[in-house]
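Right, one structure below, let's go through it.
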Amino acid sequence: MSEPFGFELPDSSKELTDKEYVNLVNRIRGNFLSYVSVLDSTLTVIISDLFLRDKNDFPLWAKTVFDEDRTASFGTKIVWISRIMKNHEDFKKAIDEKTRVKIQQKLNEIREIRNDFAHNFAHNKKIESENVKNRVIKLYDFEEGMTTPKLFKMEEIMDLINDPWILEQLEKIETLTKKIREN
């Protein structure tokens, strides 16, 4: 079973036209960013549920932990959830250290790709046949006047989206959080 954002890539033996390739790249990027949005929202729910007992807590919470835009980055939420799992007794008992580390590593891996997908661009006017053939997404990063290409294998991105492990772990954490709040 694939996740809601997953889909089957065209068979690698199928030759893609430039237009089909560009459409596939855009679909993968869009689906990946949507997938990360679900992870981000889930982290927000977990963290909020743990620290907010009722709606009256929200103004202090917002003024304490959010920036001027009343947001916290995906990366910040990963740091928070990692610290919660490491330091909260109930989380430490329910989630072994190896799994806690793996959750943080997987979320950071996803965050890095998310940042590349969200902040870099594909040069669709000059499509390299090698990238089409090898099913590689080539994005360009601008930093300090330098343009650096970054390559992503389509199959690896789809494997991330289709792997239910991180969503299952966050679901367990969310359930544990609700249980803690009920006590």
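Projecting the Cα positions of 132, 148, 81 onto the charge dipole of the chain (unit charges on Cβ atoms of Lys, Arg, Asp and Glu, taken about the Cα centre) puts 81 furthest along the positive direction. Taking 21 Å as the straight-line reach from the Cα of residue 14, the lysines in range (excluding those fewer than 8 positions away in the same chain) are 126, 133, 138, 153.
The GluC sites (Glu not before Pro) of region 136-172 that meet both conditions, a loop assignment by DSSP and at most 13 other Cβ atoms within 10 Å of the site Cβ, are 144. By the Kirkwood approach, averaging reciprocal distances over each pair of separate Cα atoms, the chain gets a hydrodynamic radius of 18.5 Å.
Placing R0 at 25 angstrom, the Cβ-Cβ distance between residue 129 and residue 26 gives a FRET efficiency of 0.85 after rounding to 0.05. Which of the lysines could be linked to residue 178 by a straight reach, that is with a Cα gap under 26 Å, when you skip same-chain ones fewer than 8 residues away? Partners within reach: 55, 63, 77, 86, 92, 93, 98, 102, 106.
The residues of the chain have, on average, 63 Å² of accessible surface per residue, using a 1.4 Å probe with all protein chains present. The share of Cα pairs per 10 Å bin across region 86-183, counted from zero up to the longest distance, runs 12, 34, 24, 18, 11, 2 percent.
Over the residues of the chain, the helix contribution to mean residue ellipticity at 222 nm works out to -21000 deg cm²/dmol, using -39500 (n - 2.57) for each DSSP H run of at least 4. Accessible surface of the chain, 1.4 Å probe: 49 percent of it comes from carbon and sulfur atoms. Rolled with a 1.4 Å probe across the full set of protein chains, the surface gives residue 179 an accessible area near 130 Å².
The values are calculated or read from the model by the stated rules, or taken from the named source; none is laboratory data. All figures in this text were calculated on a predicted structure; none of them were measured in a lab. Quick reminder, even Gly has a Cβ in these numbers, built from the backbone with ideal geometry, and neighbours come from all protein chains shown. Surface accessibility is based on the protein's heavy atoms, side chains included, excluding ligands, DNA and RNA. Shrake-Rupley method; radii C 1.70, N 1.55, O 1.52, S 1.80 Å.
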